[in-house]
Amino acid sequence: MDAYNTPINLPLSFTNYTATTSNFLASSSSTSIPTCPTNPWMDSRIWSKLPQRLVDRVIAFLPPPAFFRARLVCKRWYSLLFSNSFLELYLQISPRRQHWFLFFKHKTLGSYISRNNTNNDNLYDEGYLFDPYEFMWYRLSFALVPSGFTPASSSGGLICWVSDEAGPKTLLLSNPLVLGSLAQFPPTLRPRLFPTIGLTISAMSIDLVVAGDDLISPFAVKNLTTESFHIDGGGFYSIWGTTSSLPRLCSLESGRMVYVDRKFYCMNYSPFSVLVYDPMENTWSKIQAPMRRFLRSPSLVECRGKLILIAAVEKSKLNVPKSLRLWGLQGCGTMWVEVERMPQQLYMQFSEAEGGRGFDCVGHGEFVIVTIRGRPDKGVMFDFQGKRWQWIPPCPYVCHEKELHGFAYDPKLATPVTALLHQFSSLPFQAFNP
């Protein structure tokens, strides 16, 4: 294991942050800016006398859809997305985290096999943003993300993309709200096929983990190793310099890691268990899953800073009603406690719609969304704060034949931490040119 390196200076700034235009294509309802000519509080003579700095502070509190609508008011407001002073103000006073979700059409194995077919559409040229507070859908463009890349993880308002081609992996970061905001990681050292990706981003650091699906020959893969990447604003970096061996005979079929309390977690199949990677210790461990012999479609999500395991429980031989349950991992790190169960009547409706296809889960903040594979029109959301289950409206931009794959997402107008990756342009690795 190589030590962290410190030969280059990596200051955080907006110098390398470029935005070309807003990325909102449409919303699921046509909302216009209201006009109230008879309201004295909306008198233009009052608002025109407000200091620009105060107006900027008001605009900085707007949620992203409202901000992009407000940009249509005048040239100055339109240019705020390019203003370093406004973006710095936005980062200082922007409202609390917004626990939204970003969905993409899911690429099946057949899509990878036929990727050389010129008639095969790029599934990832757009994404679908869901606001769980207002139950609104928005369509986002990803036209500038090159074909041959798949969304793999998310953190800190950024989406991580991984190359589909077998071999050393190329990974990109993009801000879904801003076209052209692509940043590249140095390519991984080991050749892989479809590895499991873990990502965590703070205001001053980026940590990325790539595990499993090692190519041991042109025709065979095996889950053998882990590579990790770290960089922070203090100038410390490790370019895939930390490697470790995966537990023996593990099966990382989920393809995704969840970051909770400085550790990465992912599902292990056959039999079900939870694998834990500690980047500080560079070690893997295993946690037994609750009721592992009776689980179906288990998923790991992060909610309110806790690790949650969600799965259907089918104990028909023991005369126990089938159900969908949520367990929380306790502070000791080895014990699970059931924290919620889908109401039986709702589960019967959900089970009928699912029809044995399986389901996927994504969690963020106080929300968990459960989507049925092959049924993008059917999804259920649980609100931890309100202790409420409810169906979510179908995405109006996706036909029923497609399948959606979701990520937790914090919408951010500015993500200056990506400037850290631009510093690697002077280092000796092959840069990616989209």
Open item on the list: Taking 0.36 nm per residue of sequence separation and subtracting the Cα-Cα distance, how much length would be gained by fully extending the chain between Glu352 and Ser270, in nm to one decimal?
Closed with: 26.9 nm
TODO: Find how much the distance from Leu54 to Tyr133 grows on full extension, using 0.36 nm per residue of separation minus their present alpha carbon separation; answer in nm with one decimal.
DONE: 25.7 nm
Open item on the list: Suppose accessible area is computed on protein heavy atoms with a 1.4 Å probe; arrange Met335, Met136, Met381 from highest to lowest.
Closed with: Met335, Met136, Met381
TODO: Using label points projected 7 Å from each Cα along Cα→Cβ, tell me how many nm separate Arg341 and Ile46, to one decimal.
DONE: 5.5 nm
TODO: Express in Å², to the nearest 10, the accessible area of Tyr347 obtained by rolling a 1.4 Å probe over the protein heavy atoms while all chains stay in place.
DONE: 10 Å²
- [ ] Using a Förster distance of 30 angstrom, determine the FRET efficiency expected from the C-beta separation of Phe61 and Trp391, and round it to 0.05.
- [x] 0.45
Task: With all protein chains modelled, accessible area of Lys286 [1.4 Å, Å²] - done: 120 Å²
Task: Kirkwood Rh, angstrom, the range 175-313 [1 / mean 1/r, Cα pairs] - done: 16.2 Å
- [ ] Specify the inter-centroid distance of the range 178-256 and the range 387-421, based on alpha-carbon positions, in whole Å.
- [x] 22 Å
TODO: Starting from the amide H of Val178, placed 1.01 Å from N in the peptide plane, find each other amide H under 5 Å away whose residue is 5 or more places distant or on another chain.
DONE: none
TODO: Would you kindly derive the ³J(HN,Hα) couplings of the range 48-54 from the backbone phi angles with the Karplus curve 6.51 cos²θ - 1.76 cosθ + 1.60 (θ = phi - 60°), listing them in order in whole Hz, with x for Gly and Pro?
DONE: 5, 8, 5, x, 4, 4, 6
Task: GluC sites (Glu not before Pro) lying in DSSP loop within the range 362-406, provided at most 15 other Cβ fall within 10 Å - done: Glu366, Glu401
TODO: Determine the alpha carbon to alpha carbon distance for each of Lys105/Lys378; Lys222/Lys286; Lys286/Lys306; Lys169/Lys222; Lys378/Lys412; Lys306/Lys387 and list only those over 20 Å.
DONE: Lys378/Lys412
Task: Amide H contacts of Cys303 (H built 1.01 Å from N, under 5 Å, at least 5 apart or other chain) - done: Ile308
Task: Cβ-Cβ FRET estimate between Gln92 and Met280, R0 fixed at 35 Å, reported to 0.05 - done: 0.70
Open item on the list: Counting only Cα atoms, I'd like the Rg/Rh figure for the range 342-382, Kirkwood definition for Rh.
Closed with: 0.96
- [ ] Evaluate E = 1/(1 + (r/R0)^6) for Cys399 and Lys306, where r is the Cβ-Cβ distance and R0 equals 45 Å; express this FRET efficiency to the nearest 0.05.
- [x] 0.80
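The values are calculated or read from the model by the stated rules, or taken from the named source; none is laboratory data. This one's a predicted model, so the numbers in the text were calculated from it and none came from an experiment. A quick note on method: Cβ atoms are made from the backbone with ideal geometry, for glycine too, and the neighbour counts reach across all protein chains shown. Accessible surface is based on the protein model in full, side chains and every heavy atom, while ligands, DNA and RNA are left aside. Shrake-Rupley method; radii C 1.70, N 1.55, O 1.52, S 1.80 Å.
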